[in-house]
Amino acid sequence: MPSVLGGCWLCVVAGTLGCGDEGQSTDLSGAPVVSVVYRERPLADVEVSLMEQVDGAVIAQGVTGSDGKAYFPDLPQPEPQRYFVRLRSLGDGGWMLNQKVVNSLTDTTQLKPLKQASTQVLELPSHAVRTLAP
């Protein structure tokens, strides 16, 4: 699968899945996907926020599961020509995103409209994750 990160840019859409009434679930089949990969492995518990402008409001948001995929069933219509991405660590699995590296990627990372390419991959650079071990 080709990498979405040509140089070093990162964009994230915000639209939280799984929130709402308990017992109800969202059908994610066919929903656009942003896959977050680190060292060729899926990265879970990453909040992916998508914005129309680098410092703009979040217009869609998803959280990666154990498969590294964040789903976006509710995208704005019409979609913007590109999304800028912001990433944030949510879990405490002994690691966290290196926010300095991730913040530098936000200015340069862009995604195509998700309806055009239903699965897009964000390959993080080797120094984008740091361990929490002393």
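Each value in this text was obtained by applying a stated rule to the coordinates, not by laboratory testing. Computed from a predicted model, the values in this text were never measured in an experiment.
The table that follows gives values for the structure above.
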read-out	value
Theoretical gain in end-to-end length, Lys115 to Thr131 [0.36 nm per residue, Cα-Cα removed]	2.3 nm
Segment 33-124: C-alpha gyration tensor shape, a/c 1.5 cut-off, then a/b vs b/c	prolate
HN-Hα J in Hz across segment 102-112 - Karplus 6.51, -1.76, 1.60, θ = phi - 60°, x for Gly and Pro	5, 4, 5, 6, 4, 5, 10, 8, 9, 10, 6
Fully extended contour minus Cα-Cα distance, from Arg82 to Asp107, at 0.36 nm per residue	7.7 nm
